[in-house]
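The values are calculated or read from the model by the stated rules, or taken from the named source; none is laboratory data. Remember, it's a predicted structure, so these values are computed and weren't measured experimentally. When we count neighbours, we look across all protein chains shown, and the Cβ atoms used for this are built from the backbone with ideal geometry, even at glycine. What goes into the accessible areas is simple: the full protein's heavy atoms, side chains included, and nothing from ligands, DNA or RNA. Shrake-Rupley method; radii C 1.70, N 1.55, O 1.52, S 1.80 Å.
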Amino acid sequence: MSRPEPRTQAACPAVFVAAPASGQGKTTVTSALARMLRNQGKVVRVFKTGPDYLDPQVLAQASGQPVEPLDLWMAGENDCRQRLFEAACEADLILIEGAMGLFDGEPSSADLAARFGVPMVIVMDVKGMAQTAAALVSGIAGFRDDVTIAGLIANACGSQRHRELIEAALPEAVPLLAAVPRNADMALPERHLGLVQADEIRDDLENRFEAGAQALMAEGLADKLLALPPVTFEVCRTPEAEPPRSLEGQVIGVARDAAFSFIYEANLDVLKRMGADIRFFSPVHDCELPDCDALWLPGGYPELYGPQLSANEPMKAAIRAFFEADKPILAECGGLLYCLETLTDYDDATHTMLGLLPGSGWMRGRRGCQGMQTAELPEGPVRGHAHHRSVSEGTPEPIAHGRRQRHPAPGEAIYRQRRLTATYLHLFFPNNPEAIARLLGPVRPEPSEAAPNLESESCN
């Protein structure tokens, strides 16, 4: 028997959940949609637009499926296209949650929806307005002619009469898909950089998902979404496009616990595709490192676990010995804070950290830094982003700075001590796998001459 030809296209209904601004309830509604359809036995694949670690944890619990980022700048069009194709091969419905307002940013949520032909559903908090909500939706629908608005989900609707006023004022081309009543039992809790991590409140989230699912089920929303015309997605990854097996035989220890959890599955995936063996460990709970050749200390909330991290002397000694042995370590954001001498938390308590890098870190309340940047590493440029509410001082001279997406000012500092590379930037490994392989590989080679230009790559 001949082997069947590999699929080059896959199609299924897809919806882009967007809003006119942040704080409208996109994640609450998206998680409720995912749980509603999951309860009906449907496979729902959810994606989150842009860099985000916290919303995907919640959406993954709601849907029962992995949740990955889609970002045309950080990941590139080809990466987005491939992930959507793979999801369409198995899903009954694809949900993509937008970021900020649907036209905000470069590229915006609308840019992503237009690129792949995914219709947008607008989630809007309608508290305090009625016909004005319809006017805003009408303006959104007519703002660009390359974006399709499939309907409105009116969030925080106060009554049946409130619903009727909004629905009667909407343009004929934009139906009211659902009116979600005001319900505190559905709302998702927050923390200083976004949502609380899902693992901390799993049972509470389950109750909120089910409350949201029931509210949307009463609106018949499942049938409306599943009846949308399917969207066709094309394959992009070919055997020739696979990264080289540059980490074959390398074992990479990855810190993963409540203090260090900002990990893209796409990063782990590309490490494995390059041949690496991944072994997780907990700087909070474990007393020793796994047997490994390199370490990745990702971001998270070390400031919330300062006493435990400071008191775990066996783990600190093990990481210091690893550093002294000139083995590669990548420390990002929270990992950078862990590598400093001290960290002062929100209560002004100071905790002793690893001391691999001179300097101190301290939290600074609600003001923060964020933005898309390219890490200009000696091994090659890697795109990523910054999002933190801490500062460091007394650190050594950086070897480089991040290059901001659209601003000439220097971005985040990049430090190097021995084979430790530390920065506030969160790197997206699939953007330049070979640079990551050089960074975490056994020998630091000469700097690369070029990195892949994702905008110029083609699937054709």
Per-region count, the range 239-262, residues of a type in the set (A, V, I, L, M), at pLDDT 95 or above and surrounded by 15 or more Cβ atoms within 10 Å (Cβ to Cβ): 5
Against the conditions (1) among the aliphatic types (A, V, I, L, M); (2) outside any loop (DSSP other than H, G, I, E, B); (3) under 27 Å from Ser31 (Cα atoms), where does Leu228 fall short? Just the number, please. (2)
Only unsatisfied item for Pro328, checking (1) over 30 Å from Leu70 (Cα atoms); (2) touching a strand residue (DSSP E or B) at 6+ places or on another chain (Cβ under 8 Å), is (1)
Within the range 215-238, is there a residue that is over 29 Å from Lys42 (Cβ atoms) and surrounded by fewer than 17 Cβ atoms within 10 Å (Cβ to Cβ)? yes
Only one residue in Ala325, Ala349 is without any contact (Cβ under 8 Å) to a residue 24 or more places away in the chain, surrounded by fewer than 18 Cβ atoms within 10 Å (Cβ to Cβ) and not hydroxyl-bearing (Ser, Thr, Tyr), so which one is that? Ala325
Please verify whether Arg115 is basic (Lys, Arg), touching a Pro at 6+ places or on another chain (Cβ under 9 Å) and assigned to a helix (DSSP H, G or I), treating the condition exactly as stated. yes
Any residue in the range 75-95 that's more than 17 Å from Leu228 (Cα to Cα) and open to solvent by 10 Å² or more (accessible area, probe 1.4 Å): show its pairings with residues that are of a type in the set (Asp, Glu) and in a helix (DSSP H, G or I) at Cβ separation under 8 Å, as long as the two are six or more apart or on different chains. Glu77/Glu455
Taking the range 403-442 as the region of interest, how many residues are among the hydroxyl-bearing types (Ser, Thr, Tyr), in contact with a Gly (Cβ under 9 Å, 6 or more places away or on another chain) and part of a strand (DSSP E or B)? 2
Output the number of the condition that Ala110 fails; it satisfies all remaining conditions of (1) part of a strand (DSSP E or B); (2) over 17 Å from the mean Cα position of the chain (by Cα). (1)
Filter the range 391-429 down to residues that are touching a Lys or Arg at 6+ places or on another chain (Cβ under 7 Å) and surrounded by fewer than 22 Cβ atoms within 10 Å (Cβ to Cβ) and give me whichever is nearest to Leu343 (Cα to Cα). Val391
I'm checking my understanding of the structure. Among residues of the range 162-178 that are exposed (fewer than 14 other Cβ atoms within 10 Å of the Cβ) and more than 19 Å from Ala18 (Cα to Cα), which one is modelled with the lowest pLDDT? Glu172
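Out of the strands (runs of 3 or more DSSP E) lying entirely within the range 1-69, which hold 1 or more residues that are touching a residue at least 24 places away in the same chain (Cβ under 8 Å) and open to solvent by 30 Å² or more (accessible area, probe 1.4 Å)?
It comes to 9-12.
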Residue list for the range 377-390, restricted to those being open to solvent by 10 Å² or more (accessible area, probe 1.4 Å), over 21 Å from Leu356 (Cβ atoms) and modelled with pLDDT of 95 or more: Pro381, Arg383
Condition broken by Gly361, with the remaining ones in (1) open to solvent by less than 20 Å² (accessible area, probe 1.4 Å); (2) within 24 Å of Asp71 (Cβ to Cβ); (3) not aliphatic (A, V, I, L, M) satisfied: (2)
It is to be established whether one or more residues within the range 270-291 are at pLDDT below 95, open to solvent by less than 80 Å² (accessible area, probe 1.4 Å), among the β-branched types (Val, Ile, Thr) and within 21 Å of Glu90 (Cβ to Cβ). no
Consider only pairs whose beta carbons are under 6 Å apart and that are at least six residues apart or on different chains; among these, list those whose first residue lies in the range 118-129 and is buried (at least 24 other Cβ atoms within 10 Å of the Cβ) and whose second residue is among the charged types (D, E, K, R). Val123/Lys26
